[in-house]
Amino acid sequence: MSPDGRLDSVRARYRSFATSRPVAEFTGTRRNLLALGVVGLVAFVAAFAEPIVVRVSVEGHVVTQTVQPFSLAPYDPAEQHLADRLSPPSRQYPLGTDRLGRDVFSRMVIGARVSMRIAVVVVAVTLVVGTAVGLVAGYAGGLVDEGLMRFVDVLLAFPGILLALVIAGILGPSLRNVMIALAAVGWTQYARVVRGSVLPVTEAAYVRSAELMGVSRPRIVLRHVLPNVITPVVVLATMDMAYVVLGTAGLSFLGLGAQPPTPEWGTMLSGGRNHLQDAWWVANVPGVAIMLTVLSFNVLGDSLRDVLDPRDVGNVERKGM
Amino acid sequence: MYRYTLRRAVTSVFVLFGVSVVTYLMMYLTPGDPAELVLRAQTVHDQAAVERFREQYRLDEPVWIQYGHWLWDVLHGDFGRSYVTNRPVSAMVVDNAPSTAILAVAAMAIALAIAVPAGVVSAVHQGEVSDSVSQFGSLLGVSMPNFWLGYVLILVFSIGVPVRSLGVFPVSGAGSLDRLVLPALTLGSGVAAIMTRLLRSAMLEVLEEDYVRTARSKGLAERVVVYKHAFRNALVPVVTVAGIQFGYLLNGAVVVEIVFARPGLGTLVIDALFDRDYPVIQATTLVIAALFVGINFLVDVTYRYIDPRIDLRRGRR
């Protein structure tokens, strides 16, 4: 065999190896592992950003209890080092300081906690409310279904971000109102997806037989219907984490969310507006943090959708921020 | 076909009515009395002024009557007067809408200019380096917040970091072509990413079709097969999604206009939110939402017209 021919056969073998199923799946998984790693890192940073102290009442006495003593933030995020304003990344300030001399690294770390807490709360609330509405509409049918779903249609007719923006703006700028706005907009998709998956399930033989056996309706919905429609909800919730992180940062960026001195990624980013030239780190550090978090949740959502393959969950088509 | 269009039109009108109710009632989400809030924002603390304000803007009537008057006026093209400037709101919307429309159209043009070649190359060279690059790029495009992308583009192409000579575009404003490039690129990035993904998967699907195999076996040049046979058929879903995405562009324009300090509906609504200028908030929200509903209606109807095989009762594919 000529050297050229041998090289060709090696190439061919490599190609068939590289495109074989397990390898292709592995490269797919490596991407997923990376995304999982970033999500894990953000969650870790959020958990250990600063000590968590709770007040508990023990036999009538209020006692403060440190639940989590660690602190990843080297400085108080609101502490101003006025002599070191806009100083570049150094050993003293790992990611530099902003225009008030606050440590950007500490603010980014605490900002992770702010973002994660909001994302978890909003996604949990929208998931529960939306799923409940979808279950009720789908299982009850008739006028209840019509009424609920027409309301959902009207809310879905608004471009989501615009609606959230106006709600947050009218309620007044604060993180609590951002959560209310994002939740008010977010639950509708769960309702629509769940309601769509409930319909075929209610026709299934096991639901019919449960009905015939006289099982109560709430029990049928919770024990027999819910487990069979939960897959798309899981996929949607993962993608929603990306959406809520982006939405919170975006609304705060516009001045409708976190108020100073709360360290929030979107607020930090807008604070870097006038220092793009002389202090690039002020805007770009939170920018990278937002993007990596959003990207990772998007990747995980995509992969989950491919693996679990629910029918009704749309693509990530909702950027808008 | 006509029956479908008619039914879809009726639904759209119904949805628009719902949208108008929600838009109007949002004002009552405000904790406190709108009249007092607005006047306090203008540092007026006179009780007589509050009364006069209420009367002038009909805030002293029951909500449903207010809504009825408002809807009637809106249907006649009258959105009332701004609480802050006392200008007719419709004039303010008309002044600001073209800027937003231009931005959205330019963003869509840029998005298509990126997505069409990227999607086709990605599908034709599936699994190769160019495919990976385009897939990674589109992932980045979907996940990158526009408000950060805008700053990065300003940094590189306005300020000129790290390459001095690249800093040729103005940082902000509107009115000239060079002020449009960076905002449109920022706004178009997300759509470009989505369309690239979509075109790639549509192309992959079409390239498996019998007629493509037939074209190949006839001995047609690969280029002809790809562009004449595959690409044209892959365009159907792309056109549809482009329509839907256009609605989202109007929405995303809000953030981009703020980033680039560009006048438009977005800047208008944000300013109005901070001033509690409810007529302006209501008008802008209603106009953008109505455009969104209208575009979706057109997309649905056109889609069915382009490709009669699609049964819309089973949902868009």
(request) Go through segment A:283-297 and give me each residue that's of a type outside the set (Gly, Ala, Ser) and open to solvent by 10 Å² or more (accessible area, probe 1.4 Å). (result) A:Asn284, A:Val285, A:Val288, A:Met291, A:Leu292, A:Leu295, A:Phe297
(request) Could you please let me know if A:Val166 is modelled with pLDDT of 85 or more, within 21 Å of B:Val256 (Cα to Cα) and either open to solvent by 40 Å² or more (accessible area, probe 1.4 Å) or within 11 Å of another protein chain (Cβ to nearest Cβ) (or both)? (result) yes
(request) Answer yes or no as to whether A:Met213 is more than 14 Å from chain B (Cβ to nearest Cβ) and surrounded by 19 or more Cβ atoms within 10 Å (Cβ to Cβ). (result) no
(message) With the requirement that a residue be facing another protein chain (nearest Cβ under 7 Å) and over 20 Å from B:Ile194 (Cβ atoms), what does segment A:281-302 give you?
(response) A:Ala283, A:Gly287
(message) Looking at A:Tyr139, A:Tyr243 in this structure, which one is of a type in the set (Ser, Thr, Tyr), open to solvent by 20 Å² or more (accessible area, probe 1.4 Å) and within 14 Å of chain B (Cβ to nearest Cβ)?
(response) A:Tyr243
(message) Checking A:Leu82 against (1) open to solvent by 30 Å² or more (accessible area, probe 1.4 Å); (2) under 26 Å from A:Asn177 (Cβ atoms): exactly one of these is not met. Which one?
(response) (2)
(request) Return yes or no: is B:Leu187 over 25 Å from B:Ile258 (Cα atoms), open to solvent by less than 40 Å² (accessible area, probe 1.4 Å), in a helix (DSSP H, G or I) and in contact (Cβ under 8 Å) with a residue 40 or more places away in the chain? (result) no
(request) Give segment B:237-265 a look and list any residue that's of a type outside the set (A, V, I, L, M, F, W, C), facing chain A (nearest Cβ under 9 Å) and either in contact with a helix residue (DSSP H, G or I) (Cβ under 7 Å, 6 or more places away or on another chain) or open to solvent by less than 10 Å² (accessible area, probe 1.4 Å) (or both), or say none. (result) B:Gln245, B:Gly247, B:Asn251, B:Gly252
(request) Go through segment B:197-216 and give me each residue that's within 14 Å of chain A (Cβ to nearest Cβ) and either open to solvent by 20 Å² or more (accessible area, probe 1.4 Å) or more than 12 Å from B:Ala234 (Cα to Cα) (or both). (result) B:Arg197, B:Leu198, B:Arg200, B:Ser201
(request) Tell me which of these B:Ala272 doesn't satisfy, since it passes every other one: (1) touching a Leu at 6+ places or on another chain (Cβ under 6 Å); (2) small (Gly, Ala, Ser); (3) within 12 Å of chain A (Cβ to nearest Cβ). (result) (1)
(request) Run B:Leu29 past the list (1) open to solvent by less than 70 Å² (accessible area, probe 1.4 Å); (2) without any contact (Cβ under 8 Å) to a residue 24 or more places away in the chain; (3) aliphatic (A, V, I, L, M) and report the number of the one that doesn't hold. (result) (1)
(request) For residues that are open to solvent by 10 Å² or more (accessible area, probe 1.4 Å) and at the interface with another protein chain (Cβ under 7 Å from one of its Cβ atoms), scanning just segment A:247-259, find the one that is nearest to B:Ile258 (Cα to Cα). (result) A:Leu254
(message) Just checking, does segment B:56-78 include any residue being within 14 Å of another protein chain (Cβ to nearest Cβ), closer than 21 Å to A:Phe158 by Cα and not small (Gly, Ala, Ser)?
(response) no
(message) Restricting to segment A:243-257, name every residue that is in contact with a Gly (Cβ under 7 Å, 6 or more places away or on another chain) and not in a helix (DSSP H, G or I).
(response) A:Leu256, A:Gly257
(message) I need a count of the residues in segment A:268-295 that are in contact (Cβ under 8 Å) with a residue 60 or more places away in the chain, in contact with a Pro (Cβ under 8 Å, 6 or more places away or on another chain) and under 22 Å from B:Gly167 (Cβ atoms).
(response) 3
(message) Looking only at segment B:45-59, filter to residues that are open to solvent by 50 Å² or more (accessible area, probe 1.4 Å) and not in a helix (DSSP H, G or I); which one of those is modelled with the lowest pLDDT?
(response) B:His45
(message) Just the residues that are away from chain A (no Cβ under 12 Å) and in a loop (DSSP other than H, G, I, E, B), please, taken from segment B:3-39.
(response) B:Asp33
(request) Considering only residues that are among the polar types (S, T, N, Q) and over 16 Å from A:Ala283 (Cβ atoms), look in segment A:85-107 and name the one that is surrounded by the most Cβ atoms within 10 Å (Cβ to Cβ). (result) A:Ser106
(message) What's the number of the only condition in (1) farther than 23 Å from B:Leu268 by Cα; (2) open to solvent by 60 Å² or more (accessible area, probe 1.4 Å) that B:Arg40 fails to meet?
(response) (1)
(request) Please find, within segment B:120-160, the residue that is most open to solvent (accessible area, probe 1.4 Å) out of those that are within 7 Å of another protein chain (Cβ to nearest Cβ) and in contact with a Phe, Trp or Tyr (Cβ under 7 Å, 6 or more places away or on another chain). (result) B:Leu155
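Results for (1) without any contact (Cβ under 8 Å) to a residue 60 or more places away in the chain; (2) in contact with a Leu (Cβ under 7 Å, 6 or more places away or on another chain); (3) outside any helix (DSSP H, G or I), shown as yes or no for each residue.
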| site | (1), (2), (3) |
| --- | --- |
| A:Leu165 | no, yes, no |
| A:Ala168 | no, yes, no |
| A:Met179 | no, no, no |
| A:Val185 | yes, yes, no |
| A:Val194 | no, yes, no |
| A:Thr202 | no, no, no |
| A:Gly214 | yes, no, yes |
| A:Leu236 | no, no, no |
| A:Met241 | no, no, no |
(message) Cβ-Cβ distance below 8 Å, separation of 6 or more or different chains: which pairs start in segment B:281-299 with a residue that is more than 9 Å from every other protein chain (Cβ to nearest Cβ) and end on one that is assigned to a helix (DSSP H, G or I) and among the charged types (D, E, K, R)?
(response) B:Phe297/B:Arg8
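Here is a yes/no grid of residues against (1) part of a helix (DSSP H, G or I); (2) at pLDDT 90 or above; (3) of a type outside the set (Ser, Thr, Tyr):
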site	(1), (2), (3)
B:Thr100	yes, yes, no
B:Val105	yes, yes, yes
B:Ile110	yes, yes, yes
B:Ala115	yes, yes, yes
B:Ser132	yes, no, no
B:Leu149	yes, yes, yes
B:Val152	yes, yes, yes
B:Ser158	yes, no, no
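The values are calculated or read from the model by the stated rules, or taken from the named source; none is laboratory data. Predicted, not measured: the structure shown is a model, and the values here were computed from it. In this analysis, Cβ positions are derived from the backbone assuming ideal geometry, glycine residues included, and neighbour counts consider all displayed protein chains. Please note that ligands, DNA and RNA were not included when accessible areas were found on the heavy atoms of the full protein model with its side chains. Shrake-Rupley method; radii C 1.70, N 1.55, O 1.52, S 1.80 Å.
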